[in-house]
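The values are calculated or read from the model by the stated rules, or taken from the named source; none is laboratory data. Remember, it's a predicted structure, so these values are computed and weren't measured experimentally. Don't worry about glycine lacking a Cβ; one is built from the backbone with ideal geometry, like all the others, and counts go over all protein chains shown. Calculation scope for accessible area: heavy atoms of the full protein, side chains included, ligands and nucleic acids excluded. Shrake-Rupley method; radii C 1.70, N 1.55, O 1.52, S 1.80 Å.
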Amino acid sequence: VALAAENHETFLKCLSLQSDTISEVLYTQNNASYSSVLKASIQNLIFSTPANPKPLFIITPFHVSEIQAAVKCSKKNGLQIRVRSGGHDHEGLSSISDVPFIIIDLINFSEISVDVEDKTAWVESGATVGQLNYRIAEKSQNLLAFPVGTCPSVGVGGHFSGGGYGALLRKYGAAADHIVDAHMIDVKGRFLNRESMGEDLFWAIRGGGGASFGIIVSWKINLVAVPSTVTVFAVPRTLEQNATKLLNKWQYIADRVHEDLFISPFLFRENSTMVSLFTSLFLGGVDRLLRLMQDSFPELGLTKEDCKEMTFVESIVYLDGFEIRESIDMDVLRGRNFPKRPFIGKADYLTEPIPEEAFQGIYDIFFEQDQKTNGLLVFFPYGGKISEISESEIPYPHRAGNIYTLLYYAEWGQEAIDDAYQRHVNMLRTLFNYMTPYVAKNPRTAYINYRDLDIGTNNKLGHTSVQEASVWGKKYFKNNFYRLVHVKTMVDPENFFRNEQSIPPLNLVK
Ligand code: FDA
C-alpha cells in the first residue's frame, strides 16, 4: 500500500509538471465529487455497483494539453487509461478495469461547429450523437443530418471509432464512412491530425475501436442531405395478428425496398403473446410511403393514420421511444440527462432469412422465462449504401451479403442487479445458441459497438498473441483484423493502449 501511495504521488507530481491546469480537472478518490463524476457517464448500471473496480483518478480535461499530460504520466507510472466519451460500452470497458487505471472522461470535449455551406462539421468526442444532429438541424434548417445510431445519448467518441449506424444506414451507410479528418493524442502524447497520423492510423480509428490506438478528441465529418419532411410509424402486430408471417415477409423485402425506407421490427413478449413492433423512418412524405408499402409490404396493412410526418431531427426523438406526442421535446437531444439502466446485449448478422418455422423456437424461449424476465430482439435492415461500400474501405467490414443485423437486448429496473443479470444473461445466451444455425458463419460475425466479451477476450492484462485475439478480432473485423494489427504494431508496439478486446501488436516488446 505504501508503495502504491508513493506511485500515486509520483503520478500526481508528473501531472502538475506537465500541465498548469490539471488540478482543476483531476478527481482523486478523496475528492467529494469523485463518485458523482465517476457515475455521471456510466450508462449501464451493472458497472456502477460498489463491487466494480474504481479508477485511481478521473480527469475531465478541457484542454488537449491535459490529455497529453495524462498519457505521458500514465505511461511513465504504469497506469492504464480508460477513455470515456458517452459511457455506453456494453461491457463497461470505458469505466472499469482489473488493472490499476485512470479514466480520461471527455465530457467537457463536446463542442460542435457546423459549416452549412461546406456541408461539414467538426465534433468533439464527448458530444452525444443527439446533440450533434440537433445542432446540424438547427444550423441547416432541417436539411442536413449525420447518419448515427438510434439512441441519442450515445457518445461520438465510442460510436464513430466503432463504426456507428442507425436509421440512415440504408441511405448513407455508417457514421465512420463519412469521417474526413480527426484530431487525436497518440501513445507518445503527440497531437495528430489526418496528415500527421498518416492514412493507416486514420483508417484504423474509423471502425477499429479507438481505445486500441489513442485518444481521439475530435472528428471532421461530411454531412448528408435529408428532406424537410420525413414520415415515421410504429405498428404492433401480435401472433394472433399474423406477426410470424409478417416478420417472415419482412426478411425478404427489408434490404431490397427503396433506400429511403428503413423498417426495423422489435420482437418481444407481452403477456401470453409475442409482439412484433414494426418501426420505420421514411425519407419523404406519407403519400409516397404508402405507395411504396403497397408495392412491397401490403401485408402489414399500413394506413395513413398509422403514420406521422415530422422533421428528421424530431424523428430521432420519436425512434428513441416510439411515442408521438403533441410537441416533441428537443431537450432530449440537447441535454445529457438520460435514463440509466442495467442492460446486456449481443449481436448477430444474417446472410439468409430465418426459416418461418424457426420463429416458434424463439417464441418458446421467451415463453419459458418467468414473468420478471423479458428481452427484445431488434432486426436492423441492411441493403442500400451500407452494402455498397467495400469490406476493407474502413475496419467496419459487415457489408454486401448481410440482409440484417439482429440485436439481442435485455434491460431491467430496480431489481437486485445480480439476480436479474443472471436470469437475463441466461435468456440471451439461450437465444444466441438457438440462432447458431441461422446466422453468419465462419466467422459468426459481431459488431464491436455491441461489445460482447462472450466471443473471446485478451487476458486480464490485455496482453495476448495475435492468434488468440483473432478469435474475437475476426468476428468484429473479418480480415481487416490483420491490418489493424499492422497499424497497432506501427503506432503502439508496446501495447500501452489496451483492454480486454484491444488489438494486440505483433511481437510484443515488453
Ligand atoms: P464509451 O465512452 O463507453 O466508449 C466505448 C469504447 O470506445 C470504449 O472502449 C472507450 O474506451 C472507447 N472510446 C470512447 N471514446 C473514445 C475516444 N475519444 N478515443 C478513443 N477511444 C474511445 N450503436 C450503433 O451503431 N447503433 C445504435 O443504434 C446503437 N444504439 C445503442 C443504444 C444503447 C442504449 C446503447 C447502450 C448502445 C447503442 N449503440 C448503438 C452502441 C454504441 O454505438 C457503442 O456502445 C459506442 O461505443 C458508445 O460510444 P460511447 O462514447 O457512448 O461509449
(request) Hand me the list of helices (runs of 4 or more DSSP H) wholly inside the stretch 395-510 holding 1 or more residues that are closer than 30 Å to residue 363 by Cα and either in contact (Cβ under 8 Å) with a residue 24 or more places away in the chain or in contact with a Leu (Cβ under 7 Å, 6 or more places away or on another chain) (or both). (result) 417-434, 466-477
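For (1) out of contact with any Pro (no Cβ under 8 Å at 6 or more places or on another chain); (2) open to solvent by less than 40 Å² (accessible area, probe 1.4 Å); (3) within 11 Å of the ligand (Cβ to nearest atom), each residue gets a yes or a no:
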{"site": "84", "(1), (2), (3)": "yes, yes, yes"}
{"site": "93", "(1), (2), (3)": "yes, yes, yes"}
{"site": "104", "(1), (2), (3)": "no, yes, yes"}
{"site": "122", "(1), (2), (3)": "yes, no, no"}
{"site": "129", "(1), (2), (3)": "no, yes, yes"}
{"site": "166", "(1), (2), (3)": "no, yes, yes"}
(message) So in the stretch 186-217, with the set limited to residues that are more than 9 Å from the ligand (Cβ to nearest atom) and assigned to a strand (DSSP E or B), which one is nearest to residue 66 (Cα to Cα)?
(response) 191
(request) Being more than 9 Å from the ligand (Cβ to nearest atom) and farther than 16 Å from residue 334 by Cα is the filter; apply it to the stretch 142-160 and report the residue that is most open to solvent (accessible area, probe 1.4 Å). (result) 143
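Select from the stretch 302-323 the residues that are hydroxyl-bearing (Ser, Thr, Tyr) and within 26 Å of the chain's Cα centre (by Cα) and list them in ascending order.
Keep residues of the stretch 302-323 that are hydroxyl-bearing (Ser, Thr, Tyr), which gives 303, 311, 315, 318.
Within the stretch 302-323, 311, 315, 318 meet the criteria.
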(message) So the check is Cβ under 7 Å with 6+ separation or different chains; which pairs have a first residue in the stretch 242-268 that's over 19 Å from residue 401 (Cβ atoms) and a second one that's at pLDDT below 95 and open to solvent by 40 Å² or more (accessible area, probe 1.4 Å)?
(response) 268/374
(message) Restricting to the stretch 246-267, count the residues that are closer than 28 Å to residue 372 by Cα and under 22 Å from the mean Cα position of the chain (by Cα).
(response) 4
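So that you can scan it fast, the table gives a plain yes or no per residue for (1) surrounded by 17 or more Cβ atoms within 10 Å (Cβ to Cβ); (2) outside any loop (DSSP other than H, G, I, E, B):
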| position | (1), (2) |
| --- | --- |
| 332 | yes, yes |
| 349 | yes, yes |
| 358 | no, yes |
| 383 | yes, no |
| 391 | no, no |
(message) Looking at the stretch 473-510 only, could you name the residues that are within 22 Å of residue 393 (Cβ to Cβ), within 22 Å of the chain's Cα centre (by Cα) and among the aromatic types (Phe, Trp, Tyr)?
(response) 476, 477, 481
(message) For the stretch 52-66, check the following and say yes or no: at least one residue is at pLDDT 95 or above and near the ligand (Cβ under 10 Å from one of its atoms).
(response) no
